[in-house]
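Below is one structure, written out as C-alpha cells, with a few remarks after it.
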Amino acid sequence: MIYQPQKPLDEMMHTYPHKNPVSRLQRNHALEHATLQILSKKNPSRPIGGISGPGGFWVIGNTGTEELCEAVNEAISRLHSGQSSLAIHPYCGTNFAIAGLLAGIAAWLGMLGVGKTWRQKLDRLPLVVTLVTLVMILAQPLGPLLQAKLTTRADLNGLKGVEVLRIPNNALPIHRVLTKYS
C-alpha cells in the first residue's frame, strides 16, 4: 500500500519544519547570516564566516563565546521582529557559487567551436572575457535572490539556539551553535 498524504507535501513541510531537514537548514542558514551580520557590525574589520546545517551552524573567526551567544539571541529576536533582510548576507557562498557557475558556462560557450591550436584559442579570449564579465555583472542580483527564495528562511518558526560550543583549536576560534525547535 502506498501512503497518500492528505495535505500537499509543501504544506506539510512548512507545518512541521522540525521534521524537514531542508527547512531546518534554510532556517539555520538565515540565523547564521543574521548572527554574522550582527557580529560584523560590531567589528567590521574582523574576518568571520559560517557554515550551516540542519542541526545548527558553525562560526569560524575571532569571536568570544559570550559575544557569539549574545549575537545569536539578538539575531533570533530581530528575525522574529520581521528584520528578514538580515537573512541575506553579501558574502554568502550562494552568491559566489551562482557567479562561478554562470561564469563557467559563459566561458565554455565562448570556447565552443574554437580550433585546436593555441593561436585559435588565444584569438577567442576577448570574447570569453567579455561574456564572463557580462555574466558576472548579471549574476550580482541573482545570489541574494536565490538566498531569499531558496537557501534561507527568515521565518524561524520556533527555531532557537540552545547551545554554543567552542571547539578547541590552536589557530582560529571555531564555535558550534546548536539549534532546536521549541
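A few points about this structure:
- Neighbours by Cβ (under 9 Å, 6+ apart or cross-chain): first from region 48-66, not assigned by TED's automatic domain parsing to the domain that holds Val22; second modelled with pLDDT of 95 or more and part of a strand (DSSP E or B): none
- Every residue from region 101-122 that is of a type outside the set (A, V, I, L, M, F, W, C) and loosely packed, with under 14 Cβ neighbours inside 10 Å: Gly104, Gly113, Gly115, Lys116, Thr117, Arg119, Gln120, Lys121
- Single residue of Val162, Val177 found to be farther than 16 Å from Gly50 by Cβ and either under 22 Å from the mean Cα position of the chain (by Cα) or surrounded by 13 or more Cβ atoms within 10 Å (Cβ to Cβ) (or both): Val162
- Filter result for the condition that a residue is closer than 14 Å to His33 by Cα and either out of contact with any helix residue (DSSP H, G or I) (no Cβ under 6 Å at 6 or more places or on another chain) or at pLDDT 95 or above (or both), over Leu112, Leu122, Leu79, Leu101: Leu79
- A single entry from Leu156, Leu146 fulfils the requirement of being surrounded by 15 or more Cβ atoms within 10 Å (Cβ to Cβ) and either free of Cβ contacts under 8 Å to residues at least 60 places away in the same chain or part of a helix (DSSP H, G or I) (or both): Leu146.
The values are calculated or read from the model by the stated rules, or taken from the named source; none is laboratory data. Predicted, not measured: the structure shown is a model, and the values here were computed from it. As a convention, Cβ positions derive from the backbone with ideal geometry for all residues, glycine included, and neighbour counts pool all protein chains shown.
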